[in-house]
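K.L.:
Structure in structure tokens, see below.
The values are calculated or read from the model by the stated rules, or taken from the named source; none is laboratory data. All values derive from a computational prediction rather than experimental measurement. Cβ placement follows ideal geometry from the backbone for every residue including glycine, while neighbour counts extend to all protein chains displayed.
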């Protein structure tokens, strides 16, 4: 009897998928904390389940940092192109994801990592069995760690992935008249076969390198997609929102807009549905033509990394089906950092995964222990289209707890209860509550000296304060450079959103200012108490295009019901010269030991704050040389926090 039980137990441990049901998830680890120590290819293999059907397959690309050995010449951890390839036997080696690494020089000292999530369901036809993988790293400095995992969610997909094949795959110089890019982007004959009934051209394109015009990295160009010699679509290859990156601030030029990519982001493919222009078993041609361009520096032209693929799918599996793809807010997911934290107006992403047009969806949603609210969305959503739904301010997301679970479900679709696939109708997230402020405080704003190109004669930066219905309570626009503004607010109970926008998308402070012909200096934005006028919130000036603080005012509450001691701090001014102020925000008094290290990790100063509370304390740093430093505070009640600061003299 014992032997039978042991055999069953081993079967459960070795093959958990034998008990899997729709909605169950299998995780497969491809790399685990692999140190990236040189440029080039990193090859490995993994064993994936066989004979399973997956509703969705997601790749988790988890990037971290490690300490390079002493004497390592290049350990900058900058913005580099990385690609993940799958290498099935007897089929094309195909890129399934492209991620640009962030400027992450400070990640080691701040113990930071990031999970980039990419939907790779297009490649379900080959993601099974014994499979080879390749990770390509194009950087020339080291220091990153890589973890790759596949999240394979069982269930019925909108369509079965039939095949994927390459059309183009390579890096091609752009604007070189002696070897033009069109020599490589030639017309290709293609075909897909039954049981495939739908076909897509999927283009992953990013521009890199730079000539005297900034091409290809810093110039906006388009491509034309041609089917059977006729142009069917034109797409601009440009990302104009790098200054709103969810990974911010970074230690390099993260906020510059680029040719279809930003540092620290996934390069998202551009997908074209060519089903109506093609048919199974019939040959057709595909051609990608780049915008005509001649580089002024022929020997030093930039170029484009172009991967183009033909993806085919079988007959759609559902007529009426809506999928909740993600919760944008409220969530602690760092991929939506700028959209959080919130106290009203949840946002979710939905997708029409059935062939019938969707015109109405009724959602129900709730917070842990709270009542259920409903929201009705109306619009037009066709097959495979996505949209963002804001569920409205009806239900507050704040209940006094430090953390909560948010749950949203689909109740009705097009007037009927539910839809044909219940396994994608519910989504949950964990989130931290917003901060509670007193009704009266001062908004202290000191702009830098950057004049707006959009609104000449005034500073680049401006702020607005809105209530939960989007009404502007107070604002400060058309501000003079290098002027101090103090605005007192007296707010009734409710939820509020404070937003500062910067027309130049370079925030109020940025390390690169020192290299500007005219240095605009450093601005300051913070919330101060009325009396004494000490800061209760200090914003990091290196915020790019925008920074937001959502908070609640409630006369019956003074703080969140904390389940643990909150220990965090902020530094100002930053950069500093002779003294740096530290703002602690804590539940209870405690002793804090701090250590300051330089960029090499060498300790340059240490000290102790005894029995302190939530207030501002000063550290003399006049003996430190100009440069970047890190301060780590270790808290008596447990935990530690590290912040970066700069000394300028």
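K.L.:
May I ask you to list the residues in segment 296-314 that are part of a loop (DSSP other than H, G, I, E, B) and buried (at least 23 other Cβ atoms within 10 Å of the Cβ)? Don't jump to the end; show me each part of the working.
P.N.:
As a first pass, look at segment 296-314 and keep what is part of a loop (DSSP other than H, G, I, E, B): 296-297, 301-302, 314.
Of everything in segment 296-314, those that are part of a loop (DSSP other than H, G, I, E, B) and buried (at least 23 other Cβ atoms within 10 Å of the Cβ) turn out to be 301, 302.
K.L.:
Tally the residues that are touching a helix residue (DSSP H, G or I) at 6+ places or on another chain (Cβ under 9 Å), under 20 Å from residue 211 (Cα atoms) and part of a loop (DSSP other than H, G, I, E, B), restricting the search to segment 256-291.
P.N.:
5
K.L.:
When you go through 326, 273 one by one, which is the residue that is surrounded by fewer than 18 Cβ atoms within 10 Å (Cβ to Cβ) and at pLDDT 95 or above? Talk me through it step by step, then tell me what you get.
P.N.:
Details: 326 fails: surrounded by fewer than 18 Cβ atoms within 10 Å (Cβ to Cβ).
When all the criteria are applied, what remains is 273.
K.L.:
A further question on this structure: Do we find that residue 192 is over 32 Å from the mean Cα position of the chain (by Cα), in contact (Cβ under 8 Å) with a residue 24 or more places away in the chain and either more than 25 Å from residue 131 (Cβ to Cβ) or not in a strand (DSSP E or B) (or both) in this structure?
P.N.:
Working: over 32 Å from the mean Cα position of the chain (by Cα): yes; in contact (Cβ under 8 Å) with a residue 24 or more places away in the chain: yes; either more than 25 Å from residue 131 (Cβ to Cβ) or not in a strand (DSSP E or B) (or both): yes.
So residue 192 passes the test.
K.L.:
Within the bounds of segment 131-141, is there any residue that is under 21 Å from residue 55 (Cβ atoms), within 18 Å of the chain's Cα centre (by Cα) and either surrounded by fewer than 21 Cβ atoms within 10 Å (Cβ to Cβ) or in the same structural domain as residue 263 (by TED's automatic domain parsing) (or both)?
P.N.:
No, segment 131-141 contains no residue that is under 21 Å from residue 55 (Cβ atoms), within 18 Å of the chain's Cα centre (by Cα) and either surrounded by fewer than 21 Cβ atoms within 10 Å (Cβ to Cβ) or in the same structural domain as residue 263 (by TED's automatic domain parsing) (or both).
K.L.:
A further question on this structure: Output the residues belonging to segment 578-591 that are part of a strand (DSSP E or B) and at pLDDT below 75.
P.N.:
585, 586
K.L.:
Run residue 369 past the list (1) in contact with a strand residue (DSSP E or B) (Cβ under 7 Å, 6 or more places away or on another chain); (2) at positive phi; (3) surrounded by fewer than 16 Cβ atoms within 10 Å (Cβ to Cβ) and report the number of the one that doesn't hold.
P.N.:
(1)
K.L.:
Residue by residue through segment 234-255, note down the ones that are surrounded by 22 or more Cβ atoms within 10 Å (Cβ to Cβ), in contact with a helix residue (DSSP H, G or I) (Cβ under 7 Å, 6 or more places away or on another chain) and farther than 23 Å from residue 83 by Cβ.
P.N.:
255
K.L.:
Follow-up. Condition first: part of a strand (DSSP E or B) and modelled with pLDDT of 95 or more. Can you find one or more residues in segment 2-25 that meet it? Give the derivation first.
P.N.:
Filtering segment 2-25 down to residues part of a strand (DSSP E or B) leaves 25.
Then drop every residue that is not modelled with pLDDT of 95 or more, which leaves none.
Checking segment 2-25: not a single residue is part of a strand (DSSP E or B) and modelled with pLDDT of 95 or more.
K.L.:
What strands (runs of 3 or more DSSP E) lie completely within segment 197-246 and have 1 or more residues being out of contact with any strand residue (DSSP E or B) (no Cβ under 7 Å at 6 or more places or on another chain)? Break it down stepwise before answering.
P.N.:
Numbers: elements: 198-208, 221-227, 230-237.
It comes to 230-237.
K.L.:
Okay, moving on. If you scan segment 548-577, which residues turn out to be over 29 Å from the mean Cα position of the chain (by Cα), at pLDDT below 60 and in a loop (DSSP other than H, G, I, E, B)?
P.N.:
Residues satisfying the conditions are 557, 558, 559.
K.L.:
Go through segment 533-544 and count every residue that is touching a strand residue (DSSP E or B) at 6+ places or on another chain (Cβ under 6 Å) and either assigned to a strand (DSSP E or B) or closer than 19 Å to residue 461 by Cβ (or both). Walk me through how you get there before you give the answer.
P.N.:
First, the residues of segment 533-544 that are touching a strand residue (DSSP E or B) at 6+ places or on another chain (Cβ under 6 Å): 534-539.
Still in the list and also either assigned to a strand (DSSP E or B) or closer than 19 Å to residue 461 by Cβ (or both): 535-539.
Total satisfying the criteria: 5.
K.L.:
At pLDDT 95 or above, within 28 Å of the chain's Cα centre (by Cα) and over 30 Å from residue 55 (Cα atoms), is that true of residue 171?
P.N.:
Numbers: at pLDDT 95 or above: yes; within 28 Å of the chain's Cα centre (by Cα): yes; over 30 Å from residue 55 (Cα atoms): yes.
Spelling it out, residue 171 is indeed at pLDDT 95 or above, within 28 Å of the chain's Cα centre (by Cα) and over 30 Å from residue 55 (Cα atoms).
K.L.:
So, one more: On the given criteria, is residue 145 closer than 30 Å to residue 596 by Cβ and in a strand (DSSP E or B)?
P.N.:
On the way: closer than 30 Å to residue 596 by Cβ: yes; in a strand (DSSP E or B): yes.
So residue 145 passes the test.
K.L.:
Scan 484, 410 and give me the residue that is surrounded by 13 or more Cβ atoms within 10 Å (Cβ to Cβ), out of contact with any helix residue (DSSP H, G or I) (no Cβ under 7 Å at 6 or more places or on another chain) and either touching a residue at least 40 places away in the same chain (Cβ under 8 Å) or more than 20 Å from residue 521 (Cβ to Cβ) (or both).
P.N.:
Working: 484 fails: surrounded by 13 or more Cβ atoms within 10 Å (Cβ to Cβ).
Of 484, 410, the one residue that is surrounded by 13 or more Cβ atoms within 10 Å (Cβ to Cβ), out of contact with any helix residue (DSSP H, G or I) (no Cβ under 7 Å at 6 or more places or on another chain) and either touching a residue at least 40 places away in the same chain (Cβ under 8 Å) or more than 20 Å from residue 521 (Cβ to Cβ) (or both) is 410.
K.L.:
If a residue must be farther than 27 Å from residue 493 by Cα and either in the same structural domain as residue 246 (by TED's automatic domain parsing) or outside any helix (DSSP H, G or I) (or both), how many such residues does segment 328-343 contain?
P.N.:
Here the count works out to 1.
K.L.:
Checking the structure you have, find out if any residue of segment 432-444 is touching a helix residue (DSSP H, G or I) at 6+ places or on another chain (Cβ under 9 Å) and not assigned by TED's automatic domain parsing to the domain that holds residue 405. Spell out how you get there, then give the answer.
P.N.:
If we filter segment 432-444 for residues that are touching a helix residue (DSSP H, G or I) at 6+ places or on another chain (Cβ under 9 Å), which is where we start, we get none.
Looking for residues that are touching a helix residue (DSSP H, G or I) at 6+ places or on another chain (Cβ under 9 Å) and not assigned by TED's automatic domain parsing to the domain that holds residue 405, one finds none in segment 432-444, hence no.
K.L.:
Just to verify a result, which residue in segment 499-510, among those that are in contact with a strand residue (DSSP E or B) (Cβ under 7 Å, 6 or more places away or on another chain) and surrounded by fewer than 22 Cβ atoms within 10 Å (Cβ to Cβ), is nearest to residue 340 (Cα to Cα)?
P.N.:
So the first thing to find is which residues in segment 499-510 are in contact with a strand residue (DSSP E or B) (Cβ under 7 Å, 6 or more places away or on another chain), and the list is 499-502, 508.
If we keep only those that are surrounded by fewer than 22 Cβ atoms within 10 Å (Cβ to Cβ) as well, we get 499, 501.
Values: 499: 13, 501: 17 Å.
Checking each candidate, the answer is 499.
K.L.:
Of the residues 312, 323, 329, 282, which is under 30 Å from residue 231 (Cβ atoms) and touching a strand residue (DSSP E or B) at 6+ places or on another chain (Cβ under 9 Å)? Before you say what the answer is, go through the steps one by one.
P.N.:
Working: 323 fails: under 30 Å from residue 231 (Cβ atoms); 329 fails: under 30 Å from residue 231 (Cβ atoms); 282 fails: touching a strand residue (DSSP E or B) at 6+ places or on another chain (Cβ under 9 Å).
Of 312, 323, 329, 282, the one residue that is under 30 Å from residue 231 (Cβ atoms) and touching a strand residue (DSSP E or B) at 6+ places or on another chain (Cβ under 9 Å) is 312.
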